[in-house]
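Structure first, commentary second.
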Number of protein chains: 2
Amino acid sequence: METLKGKTVSFIGLGLMGGALAMGIRKQGPDKICAFDINEEVLEDALRKEVIDWGVSETEGIRQILGVSDLVVICLYPQLALDFILEYMEDFKENAVITDITGVKKLLVDHLRGVLREDLDLILGHPMAGSEKEGFGNADDSIFKNRNYILVPQPENKPENLAFIKEIIHNLGFVNIVETTAEVHDQKIAFTSQLCHVIASALVDSEDDLHITDYEGGSFGDLTRIAMINAGMWTELFICNKEALVDQIEKFEKSMDTMKKMIQAEDSQGLTEILSNVRKKRITMEVDRQNKTSAKTQKA
Amino acid sequence: METLKGKTVSFIGLGLMGGALAMGIRKQGPDKICAFDINEEVLEDALRKEVIDWGVSETEGIRQILGVSDLVVICLYPQLALDFILEYMEDFKENAVITDITGVKKLLVDHLRGVLREDLDLILGHPMAGSEKEGFGNADDSIFKNRNYILVPQPENKPENLAFIKEIIHNLGFVNIVETTAEVHDQKIAFTSQLCHVIASALVDSEDDLHITDYEGGSFGDLTRIAMINAGMWTELFICNKEALVDQIEKFEKSMDTMKKMIQAEDSQGLTEILSNVRKKRITMEVDRQNKTSAKTQKA
């Protein structure tokens, strides 16, 4: 793993994801890891655990670490990530590579088009991993193993920088790197991630019995684990991706409504048909996932 | 484990659940285990694996095994379970204990009230465990470990038979035995189990991209594992519990709609409030579950 040899990497935000990425990148032998976080205790913890070498918590410190960083990984909520790049545009090292992990992509693409300093290269990315836990204290880079990583390359990205980022992602344990546009990313994520979080939250919201788990056999637990949600972050993600998310919610509502009407009408044949199709479709989706995971694992 | 010493137990239906229960009960040392299944290969497999001692696949065989069985465990779909008890009413051994595992309870209570032979004791039960896999070939009694078991005792049940069934359930690995009425059972199960299966199925139904798992980070997989559904059985469960299920679907739809409108209106404050409450509620539910599981495990 020579990719990061001699390089300085900075993490902007050292929460669950920033922390886990820093842990995984530490293993790839960079020259130095710096981090900005507003929480000084987090920085102390990260220094003590030797995840980072230098922690800063204010503007002057940010300018210093940016000035020496070959790679900057921005691990902030979407709007803050955008604001950060705009505010510190002049402070990045010449030819620095910047990447992000935000769950919506059109926001960054639309607001940074034609605005980013010409020598900088922003490679947009989205690691498809996480946890219902929050914060650096719960960070653990094993969450990346066998996961997907979505990249949203732009025409201006330099091929060597894309290859550099892909190598790092691969070394973190991700097995399936998918490249797509910001539009497709936001539409797909509205379904696989945001809609799932809305459903899990609505399911918990609709039940008032706090002892309901007396009656559960696993399904409710599996469907609502992600309802232990970071309220601020998900509110921002939902609103940033409003159009695509509402579209997915309405498609889902339509399927629910069809099934509800069949149940009301005691339409056994219709229900059996839908459920048989759903079973086949879900198995096909699972096989597709497994084929990709195992193919890429063997290649590695 | 003296509970089953000298007893003969029959399983009616040797699918995933009947098979797993037979495996678990085998470990409790009954005198003999018999089984009825229409699939002779399943019976041969079960005999070979020494899960059962005697397998029958037709009416005359059913009469023979019922005539010698102290305990009969009916592991059929709801309507078939009801039909079975009505059809073979005169064939059960005197004072036999019968139990079932069906996912709806009012159907049996309503149709058997005042009809059951007086010496027989039917203890209605629902093991809250399962798998997206089907059939005896996938049966495994480890699925019962630390799970809930719901009992729906009736006024006519004999206390010694209830205690007998509870002892067996406990020995199978279940840690939380909940007693309730048929009405409450069907209402709670409509939420924890049936609504979850409708949601998972609707979610898969609403997506046409068979490569969608390229974009997933775990949530979609967790929410839709149960969409690999046994279409016939779940169609019957949904329709048998129509009123309670439609009621739960509509409560859920209302919560979804509230959140959708907040997303459309970019109501950050409202969304953050709902998501914060949901998080707290889900954590409270989880703590309740863990307390009960650990308390009963320690007691054991």
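The values are calculated or read from the model by the stated rules, or taken from the named source; none is laboratory data. These numbers were taken from a predicted model, which means no experiment stands behind them. Don't worry about glycine lacking a Cβ; one is built from the backbone with ideal geometry, like all the others, and counts go over all protein chains shown. These accessible areas exclude ligands, DNA and RNA; they are computed on the full protein's heavy atoms, side chains included. Shrake-Rupley method; radii C 1.70, N 1.55, O 1.52, S 1.80 Å.
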(request) Could you grab me the full set of residues in the stretch A:246-257 that are touching a residue at least 12 places away in the same chain (Cβ under 8 Å) and within 8 Å of another protein chain (Cβ to nearest Cβ)? (result) A:GLN248, A:ILE249, A:PHE252
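Taking A:GLY135 as the residue in question, decide whether it is at pLDDT below 95 and within 23 Å of A:PHE84 (Cα to Cα).
yes
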(request) Determine whether A:ALA35 is in contact (Cβ under 8 Å) with a residue 24 or more places away in the chain and either in a helix (DSSP H, G or I) or under 20 Å from A:LYS105 (Cα atoms) (or both). (result) no
(request) Output the residues belonging to the stretch B:164-176 that are closer than 16 Å to A:ASP214 by Cβ and either within 10 Å of chain A (Cβ to nearest Cβ) or open to solvent by less than 20 Å² (accessible area, probe 1.4 Å) (or both). (result) B:ILE169, B:PHE174, B:ASN176
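Do you know which residues across the stretch B:156-167 are assigned to a helix (DSSP H, G or I) and touching a strand residue (DSSP E or B) at 6+ places or on another chain (Cβ under 8 Å)?
Selection gives B:ASN161, B:LEU162, B:PHE164, B:ILE165, B:LYS166.
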(request) Evaluate the stretch B:198-218: report whether one residue or more is touching a residue at least 40 places away in the same chain (Cβ under 8 Å) and either more than 16 Å from the chain's Cα centre (by Cα) or outside the structural domain of B:LEU107 (by the TED database) (or both). (result) yes
(message) Filter the stretch A:220-248 down to the residues that are open to solvent by less than 20 Å² (accessible area, probe 1.4 Å) and more than 20 Å from B:LEU271 (Cα to Cα) and list them by number.
(response) A:PHE220, A:GLY221
(request) Would you mind telling me which numbered condition in (1) surrounded by 22 or more Cβ atoms within 10 Å (Cβ to Cβ); (2) touching a strand residue (DSSP E or B) at 6+ places or on another chain (Cβ under 7 Å); (3) more than 7 Å from chain B (Cβ to nearest Cβ) A:GLN194 fails? (result) (2)
(message) Can you pull out every residue in the stretch A:198-212 that is open to solvent by 10 Å² or more (accessible area, probe 1.4 Å) and facing chain B (nearest Cβ under 7 Å)?
(response) A:ASP205, A:SER206, A:GLU207, A:LEU210, A:HIS211
(request) Would you be able to tell me the number of residues in the stretch B:177-189 that are within 10 Å of chain A (Cβ to nearest Cβ) and in contact (Cβ under 8 Å) with a residue 40 or more places away in the chain? (result) 3
(message) Taking the condition of being surrounded by fewer than 16 Cβ atoms within 10 Å (Cβ to Cβ) and at the interface with another protein chain (Cβ under 7 Å from one of its Cβ atoms), how many residues in the stretch A:269-287 meet it?
(response) 3
(message) Conditions first: (1) modelled with pLDDT of 95 or more; (2) among the hydroxyl-bearing types (Ser, Thr, Tyr); (3) in contact with a Gly (Cβ under 9 Å, 6 or more places away or on another chain). B:SER69 passes all but one, so which condition is the exception?
(response) (3)
(message) Against the conditions (1) among the small types (Gly, Ala, Ser); (2) outside the structural domain of A:ASP140 (by the TED database); (3) modelled with pLDDT of 95 or more, where does A:GLY173 fall short? Just the number, please.
(response) (2)
(request) Test A:ASP37 against the criterion of being assigned by the TED database to the domain that holds A:ASN161, touching a Leu at 6+ places or on another chain (Cβ under 8 Å), at pLDDT 95 or above and surrounded by fewer than 21 Cβ atoms within 10 Å (Cβ to Cβ), and give yes or no. (result) no
(message) Quick test of your reading of the structure: A:GLY125 fulfils all but one of (1) under 22 Å from A:HIS111 (Cα atoms); (2) touching a residue at least 40 places away in the same chain (Cβ under 8 Å); (3) touching a Lys or Arg at 6+ places or on another chain (Cβ under 8 Å). Name the failing condition by number.
(response) (3)
(message) I need a count of the residues in the stretch A:258-268 that are free of Cβ contacts under 8 Å to residues at least 12 places away in the same chain, facing chain B (nearest Cβ under 7 Å) and open to solvent by less than 70 Å² (accessible area, probe 1.4 Å).
(response) 3
